[in-house]
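Step one of this worksheet: look at the structure below.
Bear in mind that the values in this text are calculations on the coordinates, not laboratory data. This structure is a prediction, so every number in the text was calculated from the model and none was measured. Note that each Cβ is placed from the backbone with ideal geometry, even for glycine, and that neighbours are counted across all protein chains shown.
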Amino acid sequence: MTNLIGQSVKRVEDKRFLTGKGRYVDDMVLPNMTWAHIVRSDVAHAVIKGVDIDAASQALGVVAVFTGADMQADGMNGLPAGWQVDFKNGDTMKEPPHPSLAVGKVRYVGEAVAVIVAETHEQAVDASELVEIDYEELPAVADVVKATQEGAAQLFDDVPNNIAFDWELGDKAAADAGIDAADHVTTIEFRNQRLICNAIEPRAAIGDYDESREHYTLYTTSQNPHVVRLLMCAFVMGIPEHKVRIVSPDVGGGFGSKIPNYAEEIIVTWASKRVGRPVKWTAQRSESFLSDTHGRDHATKAEMGFDKDGKITALRVKTHASMGAYLSTFAPCVPTYLHGTLMQGVYSSPAVHVDVTAVFTSTVPVDALRGAGRPEATYVLERLLDQAAHELGQDPAELRRKNLIPPFDGSDAEPGFETKVALVYDSGNYEGVLDKALEMVDYAALRKQQEEARGEGRYIGIGLSTYIEACGIAPSAVVGALGARAGLYESANVRVQPTGKVTVFVGSHSHGQGHDTTFAQLVGDQLGIPMDDIEIVHGDTDQVPFGMGTYGSRSLAVGGVAITKSVEKIKEKGALIAAHLLEASADDLDYADGQWTVKGTDKSIGFGDVALTAYVPHNYPEGLEPGLEFSSFYDPANFTFPFGAHIAVVEVDTETGVVKLVRYAACDDVGNVVNPMIVDGQVHGGVTHGIGQALLEGAIYDDDGQLTNGSFMDYAMPRADDLPRFETSRTVTPCPHNVLGVKGAGETGTIGSTPAVVNAVIDALWPLGVRHLEMPLTPQRVWQAIQSANGK
Amino acid sequence: MIPSSFEYHRPTSLDEAVSLLQEYGDDASLIAGGHSLLPAMKLRLSAPEHLVDIARIDGLRQIRNDGDDVVIGAGATHHDVESSDLVVQGAPLLAQSASVIGDVQVRNAGTVGGSLAHADPAADYPAAVLASDGTVEVLGPNGTRSIAAADFFVELFATALEPGEIITAVRIPIASGTGTAYLKFPHPASRFAVCGCAAAVTVSGGKCDSARIAFNGIASAAFRDTGVESAVAGASLDEDSVRAAVAGAAAGQELLEDSFAGEDFRRQLARVYARRAVLAAAANA
């Protein structure tokens, strides 16, 4: 019963998922429910001259048809950005209105223009074909660099050159000087391509307005229902929070795309009041491609200077980051505070400067995508290190080793590492993970095999990546000063039932992470009771006190600590009750295995008896309140900083450009581990996601702003047969500033893997003269790069 | 993913199906496995008012030996084709190409007749039927006729089928002593062929006697590459000789171009896959 922490307990939620008993939003059918279908723009940029809904309104089964004008007339505001980043000169970022249904203009293909509410889903879709929208088309611009150039289409009247804001971090003069003084400067210019999250469950929402209570319920596929409620109530709809309940039940994957507050959530909630019936919307897969927020989409130039010993002298990075057509909830913070701040990496670079230009384009809005900013930063650093190693004729592992920040545990003796870009790392042993990863693959032998293979005309490549990430973004006072329009703490209520069973209400939201298991392990371990006695409840604003939700690998490091704080309070109060029953002093009690015991005696009482006494307080400490339930809010002192070293081994078919990933080794340090199997699963999923970016994925927009690969027939996701068996290992450097010593594991794989794979391919093809490849490394691109290198 | 409404017909004989097609003309579509038609309908790219389901017509799924030929009923599923001993022995290219179509679910439902009629240039059967020198048997308002594979695939999604005609079978001559291989470079998302090459070769004394080589995936319709066939005939069956022999693969053909694979890359794939397919075919001759 004790020592549940650290055990690979099988995921308790899997039974319900694998047997089809999960309960998702689309499974829900409410009495008298109607169906919504959204009419979306099929042009990228146009003035809406008129929307003719007459025929659709009279179609069979149609209850109502609404446009942006209807929502505007009802006082519905646009969707807000949850983070404000100001221009370098102090001006406020450009935040043009983002109406749920377009008003006046459309600015991307997929933007919602009208909604059909009908008796059945089929009738809603049929009627949508009768909506006539009169567009006056305007030029579009989908490319993040072209959008800022002279003559580019202007999306908004008051946003010159489509620039939402510009931003910088670090000491520019020092970075310039460091580059100027360097003996060698490595320069890379590349795109970090646009990705689509593609959660397996399409988004869905049901609005249900109860006129008698003037109360709204919204069921929605959200990673953070409380945040959605806050944004909807305070910014968009102007309705009081106590009249709104948001439920996010089982959710089938998010990867960032279910963080934002979406138009459809507002539409169904508002429309439900208008039609007086529940209104349900579920995305079709092709709608998901065109309406779920996308991720990444940077154009970057980066330079890294080295002295004659191979020590980094400076890093200078300039990035254009696409926002898409509007600012989504967390869009502004992704390329800034989650990207620029990570440019120190694990290296002791003495000077770092990052310059970011955030740009509107005629595309689906961009927001967080697994890693959010940190993969982009890591890609810059890790490509630079490998590229520099090749240029300098040094081994990439050794060049990294020369520049690694020395180990520190975050104690007073070895305090946190202050970076040149605003962060203080908590604890780290970067050489430790590098050594272990090199050992996992027998690096020296691998290099020898590579050499031998080249002799046979086979091109094997070995790619490294030593990454760091920042998880559990915090504390609230700091992120508030940086522009966050919300706090970034977490809350948990732990309710001990009279029978000694425990219900945990937590603001972290599970959509694949396995919280039902991990949190039950945590509480079971801390209370010394079986996991079966613990139920984890999340995703309902009426049940959970408050919650910031799940993203940025924060659930355990923030939510888990909030739970732990409540458990501590329960143990403290429980000790008072136990002491009373045992006729001892609480100070004289030990708590272990679900028992309070008087030290040095065999007098003890169990957790269940204490729980019953708390609710049936016949023989009870004087002055103590009955009941055994506590809520806690935990606002961390700092981010947590997991890190690791990943090594990819590839073989390239130079005739076809096909990259075969033959080995993948990951050594990660995520601090203490509650469930190694779940962490391994997160690493496997994350690595797969990152490999997808390196080799397969990428949204392609044409010059007219049309997404040309918006289906699973065209947009390639990684599959099992694209992947080797993953080799994983860990070192453990506990986080010094949370009681669990945990750091977070949900994104590490994504962050570490993308550059490792690309570095491996470049490493394979370096002797052929290939110096650069754009992601995804499709066979054609690789083949063409070999061809043009040959031509040189 | 909701199609427009339609009327569903399930004729019990091919003659009945032909007369339904005559009755409804352009408003009708045949359906069997539905693996190309239904996705198009769900996306409302296709909205037939009448669906004529021929999947359960007696005998249409039969695979039989007919003298010197293997005759595969149009209603045979890809799984039927890949797992039939008659096909594996007598028409191995068909079995090989069927085995790499889609995934298990697709192969259990999709049919050979449906795939041929749809004439997706990236489908896997066309090159196999061409390199097997097969014929497509059809029934129409004017009775039956046979169309040589070489005449069947006309253009992107277009065949030599006349309005109202239904494919009833594909007939493949049994070529004993022939080695065959179908190799494809799949699109990473759809797993359709970006380049598929079917080769049927006869071998004597370490050299290729004769060869039939066909491609799908690279051009708007599948085609036999007679230029490469004659270059390969007589060539020694080693890597370098075959590489030289197939250097002109797809010469003179206008090739497809998209963001995943442009014309130059498809031509390179044609060369590589022709060589690999010829050598693989020779190895089992």
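Residues in region B:90-102 that are touching a residue at least 40 places away in the same chain (Cβ under 8 Å) and out of contact with any His (no Cβ under 8 Å at 6 or more places or on another chain): B:Gly90, B:Ala91, B:Pro92, B:Leu93, B:Leu94, B:Gln96, B:Ser97, B:Val100. Residue count for region A:575-602 satisfying the condition of being without any contact (Cβ under 8 Å) to a residue 12 or more places away in the chain and crowded, with 18+ Cβ neighbours inside 10 Å: 1.
Among the residues of region A:710-725, those identified as in contact with a strand residue (DSSP E or B) (Cβ under 9 Å, 6 or more places away or on another chain) and crowded, with 18+ Cβ neighbours inside 10 Å are A:Gly710, A:Tyr715.
Among the candidates B:Val154, B:Val129, B:Val203, the residue that is away from chain A (no Cβ under 14 Å) and not in a strand (DSSP E or B) is uniquely B:Val129.
Okay, residues lined up against (1) within 14 Å of another protein chain (Cβ to nearest Cβ); (2) assigned to a helix (DSSP H, G or I):
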site	(1), (2)
A:Val125	yes, yes
A:Leu130	yes, no
A:Ile133	no, no
A:Ala142	yes, no
A:Glu150	no, no
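Rundown of residues vs (1) buried (at least 24 other Cβ atoms within 10 Å of the Cβ); (2) not in a strand (DSSP E or B), yes/no style:
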residue	(1), (2)
A:Ala314	yes, no
A:Ser328	yes, yes
A:Thr363	yes, yes
A:Leu369	yes, yes
A:Pro406	no, yes
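The combined condition, being closer than 30 Å to A:Ala699 by Cβ and either of a type in the set (Val, Ile, Thr) or out of contact with any Asp or Glu (no Cβ under 6 Å at 6 or more places or on another chain) (or both), is fulfilled by A:Ile133.
From the list A:Gly256, A:Gly276, which residue is small (Gly, Ala, Ser) and over 26 Å from A:Gly685 (Cα atoms)? Steps first, answer last, please.
Working: A:Gly256 fails: over 26 Å from A:Gly685 (Cα atoms).
Only one candidate passes the filter, namely A:Gly276.
Of everything in region A:281-302 that is away from every other protein chain (no Cβ under 14 Å) and of a type in the set (Lys, Arg), the residue that is surrounded by the most Cβ atoms within 10 Å (Cβ to Cβ) is A:Arg296.
Suppose we keep only residues that are assigned to a strand (DSSP E or B) and out of contact with any Lys or Arg (no Cβ under 8 Å at 6 or more places or on another chain) within region B:182-197. Which one would you say is farthest from the other protein chains (Cβ to nearest Cβ)? I'd like the intermediate steps shown before the answer.
Keep residues of region B:182-197 that are assigned to a strand (DSSP E or B), which gives B:182-186, B:193-197.
With out of contact with any Lys or Arg (no Cβ under 8 Å at 6 or more places or on another chain) added as a condition, the list becomes B:182, B:184-186.
Details: B:Tyr182: 17, B:Lys184: 12, B:Phe185: 7, B:Pro186: 10 Å.
Looking at residues that are assigned to a strand (DSSP E or B) and out of contact with any Lys or Arg (no Cβ under 8 Å at 6 or more places or on another chain), I get B:Tyr182.
Can you name the number of the only condition in (1) part of a loop (DSSP other than H, G, I, E, B); (2) crowded, with 24+ Cβ neighbours inside 10 Å; (3) within 14 Å of chain A (Cβ to nearest Cβ) that B:Tyr273 fails? If we test B:Tyr273 against (1) part of a loop (DSSP other than H, G, I, E, B); (2) crowded, with 24+ Cβ neighbours inside 10 Å; (3) within 14 Å of chain A (Cβ to nearest Cβ), just (1) comes out false.
Looking only at residues of region B:208-228 that are surrounded by fewer than 24 Cβ atoms within 10 Å (Cβ to Cβ) and either out of contact with any helix residue (DSSP H, G or I) (no Cβ under 9 Å at 6 or more places or on another chain) or aliphatic (A, V, I, L, M) (or both), we find that the one that is farthest from B:Ala158 (Cα to Cα) is B:Asp209.
Of all residues in region A:432-452, those satisfying the criterion of being assigned to a helix (DSSP H, G or I), free of Cβ contacts under 8 Å to residues at least 12 places away in the same chain and farther than 27 Å from A:Pro734 by Cβ are A:Ala444, A:Ala445, A:Lys448, A:Gln449, A:Glu451, A:Glu452.
Out of all the residues in region A:600-619, is one or more at positive phi and under 43 Å from the mean Cα position of the chain (by Cα)? Looking for residues that are at positive phi and under 43 Å from the mean Cα position of the chain (by Cα), one finds none in region A:600-619, hence no.
Taking the condition of being assigned to a loop (DSSP other than H, G, I, E, B) and within 11 Å of chain A (Cβ to nearest Cβ), how many residues in region B:243-270 meet it?
So the answer is 6.
Taking the stated definitions as given, is A:Pro676 more than 17 Å from A:Val650 (Cβ to Cβ), away from chain B (no Cβ under 14 Å), surrounded by fewer than 17 Cβ atoms within 10 Å (Cβ to Cβ) and out of contact with any strand residue (DSSP E or B) (no Cβ under 7 Å at 6 or more places or on another chain)? Taking the combined requirement at face value, the residue satisfies it. Annotation note: of A:Asp602, A:Asp590, the sole residue that is out of contact with any Cys (no Cβ under 9 Å at 6 or more places or on another chain), farther than 18 Å from A:Gly514 by Cβ and assigned to a loop (DSSP other than H, G, I, E, B) is A:Asp602. Candidates in region A:759-792 are the residues that are at the interface with chain B (Cβ under 10 Å from one of its Cβ atoms) and in contact with a Phe, Trp or Tyr (Cβ under 8 Å, 6 or more places away or on another chain); of these, the one that is nearest to B:Ala261 (Cα to Cα) is A:Gln780.
Would you check if there is a residue in region B:225-238 being within 13 Å of chain A (Cβ to nearest Cβ) and not in a helix (DSSP H, G or I)? No; the residues of region B:225-238 include none that is within 13 Å of chain A (Cβ to nearest Cβ) and not in a helix (DSSP H, G or I). I'd like to know if region B:46-55 contains one or more residues that are surrounded by 15 or more Cβ atoms within 10 Å (Cβ to Cβ), part of a helix (DSSP H, G or I) and not hydrophobic (A, V, I, L, M, F, W, C). Looking for residues that are surrounded by 15 or more Cβ atoms within 10 Å (Cβ to Cβ), part of a helix (DSSP H, G or I) and not hydrophobic (A, V, I, L, M, F, W, C), one finds none in region B:46-55, hence no. Taken over region A:152-167, the criterion of being outside any loop (DSSP other than H, G, I, E, B) and surrounded by 15 or more Cβ atoms within 10 Å (Cβ to Cβ) is satisfied by A:Asn162, A:Ile163, A:Ala164, A:Phe165, A:Asp166, A:Trp167. Assessment of region A:285-300 against the conditions (farther than 25 Å from A:Val125 by Cβ and more than 20 Å from the chain's Cα centre (by Cα)) yields at least one matching residue.
Within region A:607-621, is even one residue assigned to a helix (DSSP H, G or I) and among the β-branched types (Val, Ile, Thr)? Within region A:607-621, one or more residues are assigned to a helix (DSSP H, G or I) and among the β-branched types (Val, Ile, Thr). Close contacts from region A:304-318, counting a first residue that is under 15 Å from A:Arg383 (Cβ atoms) and a second that is of a type in the set (S, T, N, Q), with Cβ to Cβ under 6 Å and a gap of 6+ residues or different chains, come to A:Met304/A:Thr186; A:Ile312/A:Ser349; A:Ile312/A:Asn403; A:Leu315/A:Ser349.
Which residue out of B:Pro39, B:Pro3 is out of contact with any His (no Cβ under 8 Å at 6 or more places or on another chain), buried (at least 16 other Cβ atoms within 10 Å of the Cβ) and within 14 Å of another protein chain (Cβ to nearest Cβ)? Testing whether each residue is out of contact with any His (no Cβ under 8 Å at 6 or more places or on another chain), buried (at least 16 other Cβ atoms within 10 Å of the Cβ) and within 14 Å of another protein chain (Cβ to nearest Cβ) leaves just B:Pro3.
Looking across A:Ser729, A:Ser753, one residue alone is away from chain B (no Cβ under 14 Å), under 30 Å from A:Tyr430 (Cβ atoms) and touching a Lys or Arg at 6+ places or on another chain (Cβ under 9 Å). It is A:Ser729.
Of all residues in region A:700-709, those satisfying the criterion of being within 11 Å of chain B (Cβ to nearest Cβ) and assigned to a loop (DSSP other than H, G, I, E, B) are A:Ile700, A:Asp702, A:Thr708, A:Asn709.
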